[in-house]
Every structure is written in structure tokens, then in C-alpha cells.
1. Using per-residue counts of other Cβ atoms within 10 Å, averaged over each peptide, order 24-32, 178-186, 135-143 from highest down.
2. Take peptides 250-259, 312-321, 64-73, 330-339 and line them up by average Cβ neighbours within 10 Å, highest first, as a rough protection proxy.
3. Measure off, as a whole percent, the carbon and sulfur share of the 1.4 Å-probe accessible area of the chain, all protein chains present.
4. As I understand it, the dipole of the chain uses +1 on the Cβ of Lys and Arg and -1 on the Cβ of Asp and Glu, about the Cα centre. Which of Thr301, Val30, Ala183 lies farthest toward its positive end?
5. If you average the sequence gap of Cα pairs under 8 Å that are 6 or more apart and divide by the length of the chain, what percent do you get for the contact order?
6. Distance check, please: which entries in Lys92/Lys366; Lys159/Lys437; Lys92/Lys437 exceed 22 angstrom between their Cα atoms?
7. With the crude spin-label approximation of a point 7 Å out along Cα→Cβ, what separation in nm comes out for Ala181 versus Thr271?
8. Which value, in debye to the nearest 20, gives the size of the charge dipole of segment 175-279 about its Cα centre, when Lys and Arg are +1 and Asp and Glu are -1 at the Cβ?
Amino acid sequence: MSNEALQMRGHVHGTKDARKVAVGSGVGAVIETYDFIGFGTAAALYFGPAFFPGADPVTATLASFATLGVGFAARPLGGIIGGHLGDKVGRKPVLVASLIIMGLATFAIGLLPTYATVGILAPILLVVVRIIQGLAFGAEWGGAILMSYEHAPWKSKGKYTGIVQAGFPVGLLLANLVFLASADLIGDWAWRIPFLASIVLVAVGLIIRSKVPESPVFEDVKEHGDIVKNPIVQVIRQDWRSILRGICLRVAETAGYAVAVTYMISYLNTTELATRTETLTSLCVASGIGIFATMAWARLTDRVGRRPVYIWSCAFAVLFGIPMFLLANTGLFICVMITIVISYAVCQNSLAGAQGAWFPELFQAKTRASGASLAYQISAMVSGFTPFITTLLFIQLGWLGPALLFSTYALIGLIAAVMTRETWGRRERELAEEAGKSVPLPQHV
């Protein structure tokens, strides 16, 4: 039996800190998402006139979305750095460092001068801070998800990683609640307050994360002398197929979100199909449902496998692209809300729920942080510029362009899911059941 198999067998029941680690990692995900996704909301609603005045509304929106995309473009580099350090020095240091950097960058956005104050320097500063956000967010996911995955019991990897993944809709909910509460404030305070308020969340998150223990799997890798000298190079050389599949799997979720939520906010606003309050309210409802939906989808993968959930969810999303915009185009508040809820709680949350356990299982423990982070974050470049691309498609084709793009992303994910191996099929579940019976239950469980 290989070192990795022995390590996994030793942790069949998980650790006594499994739940605390999952919650701690999830809290960090809440804060990082609040910071990173909050930028998307501000870009759709406020940053055009604040940082790119003088242009018509569509051009200002394009410029704002281009700035949004820069942060996503920086995420792969953050993933490379975070993954490398996660495999070399441990998962926990990456978690703490990424949270500090993200928090400071987000707070800085709330202090930035606008174009009216300093001219062209304003959008330049916005881009610089956005790049820093992207680097921090790129490093965050791999460490958070692996900490939870590697502390969790064999049979409940989906359940525990689902807690971390649920941190993203919580962060989205908090961000939109704050933007909703500040919508009626005078001038720039409507978007400054949400960014300035994030510093409180960062302080709470650091206190929680400082108490989270290091991954037992990483400790085993270190104890057995399996630390890889250059994990990024090794995982690319040995597991490039898994990285490529992971990128395509993730595009369906993250780029689909960029169309169905990030762009949809701007679409509803510029076409006057919904007010800002109605749009933000719909997002809050979808986020609230998404918290429980993400965990439910993740638990389902423990019962039926990761692959079936992904295949059926992507197939549904392929068919939902055109109906999604037809519903939104009614301009009825209830239809707008239903559109965003389905887009988020079904199309996005189901895929995010499955990724938490599936992505780590595609790679060996000694290069897992690097491999999973690369697959997860490279796809972010596509999603980051999707609102920009979607706006161009709308100019040329109307709402049909964004609708077809959404379905295309889902189709890419569907093909990738069919071509990716199941890591938690019936055989694996049976082996886990047998191992659970043969390995003594620790006193802490």
C-alpha cells in the first residue's frame, strides 16, 4: 500500500477538528467572497460613472467590467503562489496570509479617490488594488478547501467541503445586503461603505483562522519526506489532463455565474427591467437559498458520486440559457427573482457543491494544492472577462448573445464531466464503508 493510501487510511474517520476547520475555512470564504464579489456588484452599479465618467452608459459599463476582469486574470498567479506554498510550507499559512492581503486591498477600495478628484490616476489605482485582490483570492480557495477536505472523514468529504463552499453564498448575501442598505446614501458613500465595512469581517476571520490546526495529510506528507521540490512543475508534467478537465468543469460554474448573475445585474439595470433595489433584493434571496442549496448538493455527492451531480446540473444549464433571459425580459419582479434564484441555487451551487470534494480527489496529496488551485483559478480568467464579452455580445445580438454564451459554458462543463473519472463511485463508497469498520473509531469521534 502506498504512503498516500496509508495516510488516507489513517484518517478514515477524520480528525476531532474536522467541523471546526470546515467552519473556520468557510468563514474565510465568506470574507473573501464578500470582498471579491462585492467588487462585481459595485462594478455593475457604481464604478462606471465614478471612475470612467464622460462615456456613454454602455462604454462606462464595459470599462468597469474590464477592471473587474483584471482581478480574475490575476487569480491564476495567486493560485500558483498559494498552491506552491500550500504544498511546500502548509495549508494554514496560506489561509492566513491571503485573508490579510484581501482585507487590506478591499478596505483600500473604499478609500480610493474618484476620477472627479484625481483624474486618470483613479482608474489606475482601482486596477492596481483589483490585481492585489485577485492574487489573494487566487491563493485562498485551494488552502481553504484542502484544509476541510483533509480533516474530514472519508464518507463525508462532500459534506465538510460543502460547508466551505457555502461560505461563498454567505459572502454574496452579506455583500448585497450591505449594498442594499447603502443604496440610498448620498453620492459615493453608497459604494464606499460596503468596502470600508469589510475590515470588521477580516478581524473576526483572522481570530477564527488563527485557531485552525494544520492539515493532517500535509503533516503526513512532510513526515514521510514526500514534500515536492517544485510542486507546480510536477503537477503540470504528471497531471496536466486533470488540470485541463478541471478548468473546463469550472468554466461552467464560474463563467456561467458571470453571465447569469454579474452581467444580469447590469442587464436588468441598463434595460430598466428592474430597479437596483429589486435586483439586489433578488440577489439576497438567491444567496440565502444558495447557502443551504450548496451544502445539500455537496452532501448529495457523498451519496451518489461527484460526476452524476455535475452531469445533470450542466445538462439543465444548457437548456436554461434562453428561458433565463425570457423570464428576466418580462420585467416582472417575481420573474426576475425566480430567474436569479434558479441561476444561482441550481446552476451554480450544484457545481460548486460538487467541486469541493471532486477537485482535490483528482490529484495526489503531495501536489494537491497546486493542481486543484491551478484548475480552479485558471478558469477564473474566462469568467473574469465574461461580463465584458457578454456586453459586447448584447450590443451585436441583443439578449440572445448572452443566453447562448451561458448555454455554451454549460456545454463545455457537461463534456468535461463526461470525460472526467468518477472519484467517489460505488466501489470507493464500499471501500470507505469497509475501512470505517476495520479501522478503530478514535475516542474524539
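The values are calculated or read from the model by the stated rules, or taken from the named source; none is laboratory data. Here the structure is a predicted model, which is why all the values come from computation and not from measurement. Cβ: placed from backbone, ideal geometry, glycine included. Neighbour counts: every protein chain shown. Note: accessible area is taken over every heavy atom of the protein model, side chains too, but ligands, DNA and RNA are not part of it. Shrake-Rupley method; radii C 1.70, N 1.55, O 1.52, S 1.80 Å.
1. Numbers: 24-32: 27.3, 178-186: 14.7, 135-143: 29.4.
Highest-to-lowest ranking by the protection proxy: 135-143, 24-32, 178-186.
2. Values: 250-259: 28.1, 312-321: 20.1, 64-73: 23.5, 330-339: 16.7.
Put in order of decreasing packing, that is 250-259, 64-73, 312-321, 330-339.
3. Details: 11610 of 16830 Å².
Ligands and nucleic acids excluded, carbon and sulfur reach 69 percent.
4. Value: Thr301.
5. Working: 835 pairs, mean separation 120.8, N = 445.
Relative contact order, the chain: 27 percent.
6. Numbers: Lys92/Lys366 15 Å; Lys159/Lys437 20 Å; Lys92/Lys437 31 Å.
From Lys92/Lys366; Lys159/Lys437; Lys92/Lys437, over 22 Å: Lys92/Lys437.
7. Going from the Ala181 label point to the Thr271 one covers 3.2 nm.
8. Numbers: 10 positive and 11 negative charges, 57 e Å.
Taking the Cα centre of segment 175-279 as origin, the dipole is about 280 debye.
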